[in-house]
1. When the residues of the range 29-49 are filtered to those that are among the polar types (S, T, N, Q) and either surrounded by 12 or more Cβ atoms within 10 Å (Cβ to Cβ) or touching a helix residue (DSSP H, G or I) at 6+ places or on another chain (Cβ under 9 Å) (or both), which remaining residue is nearest to LEU65 (Cα to Cα)?
2. Scan ALA15, ALA2, ALA9 and give me the residue that is in contact with an Asp or Glu (Cβ under 7 Å, 6 or more places away or on another chain), aliphatic (A, V, I, L, M) and at pLDDT below 95.
3. Hey, which of the strands (runs of 3 or more DSSP E) in the range 1-56, taking only ones fully inside, have at least 3 residues that are in contact with a Leu (Cβ under 9 Å, 6 or more places away or on another chain)?
4. Among the hydroxyl-bearing types (Ser, Thr, Tyr) and not in a loop (DSSP other than H, G, I, E, B) - does that describe any residue in the range 64-82?
5. What are the pairs, 6+ residues apart or on separate chains, where a residue within the range 45-63 that is more than 16 Å from TYR97 (Cα to Cα) has its Cβ under 7 Å from a residue that is charged (D, E, K, R) and exposed (fewer than 12 other Cβ atoms within 10 Å of the Cβ)?
6. Taking GLY76 as the residue in question, decide whether it is surrounded by 13 or more Cβ atoms within 10 Å (Cβ to Cβ), at negative phi and not aliphatic (A, V, I, L, M).
7. For the range 20-30, indicate whether the set of residues that are farther than 18 Å from GLU5 by Cα and among the basic types (Lys, Arg) is non-empty.
8. Counting only residues that are more than 13 Å from the chain's Cα centre (by Cα) and of a type outside the set (Val, Ile, Thr), which one in the range 16-28 is surrounded by the most Cβ atoms within 10 Å (Cβ to Cβ)?
Amino acid sequence: MAFYEINPALENTTAFIQETELDGTTYRMTFRWSAREQTWYLDITDTSDSPIAMGLRLVEGALLLRYITDPRRPPGELFVEGTPTETNLGTDAFLVYADAAEVSA
């Protein structure tokens with residue numbers, strides 16, 4: 001049972017892609033900053049870019065995977081700690097993954 005911080009590599013960019021392993025499966029995560037809405041969005045695909053969860057708004061405390069029914073979704077849960085801004089995601093605000101064992105406990 002564990003919680004993991006997913007640390008995006010922000011380097012003065014408003015969009016980037018990273019691959020992250022969650023519960024033994026690699027997922028491709030695309031992060032996009034919306035200047036108009038002042039918020040980050042997350043898309044999750046498999047490594048072939050087949051969509052699993054698209055347009056997840058990174059809001060503090062929201063269970064991001066709660067309503068995702070795709071059987072390929074990560075078996076745990078994603079949530080945000082802190083209020084993400086354009087420049088603090090991964091430093092003052094964090095995307096956190098609770099693994100499947102933690103969620104079932």
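The values are calculated or read from the model by the stated rules, or taken from the named source; none is laboratory data. Here the structure is a predicted model, which means the values were calculated and not measured. Every residue, glycine among them, receives a Cβ derived from its backbone with ideal geometry; neighbour counts consider all protein chains shown.
1. Taking the candidates together, the pick is THR45.
2. Just one listed residue meets the conditions, ALA2.
3. Values: elements: 3-6, 15-22, 25-34, 39-45.
Because the criterion is at least 3 residues that are in contact with a Leu (Cβ under 9 Å, 6 or more places away or on another chain), the strands (runs of 3 or more DSSP E) in the range 1-56 that meet it are 3-6, 25-34, 39-45.
4. no
5. Once the first residue is more than 16 Å from TYR97 (Cα to Cα) and sits in the range 45-63, its partners that are charged (D, E, K, R) and exposed (fewer than 12 other Cβ atoms within 10 Å of the Cβ) give THR47/GLU19.
6. yes
7. No, the range 20-30 has no match at all.
8. Applying the filter and picking the extreme gives ASP23.
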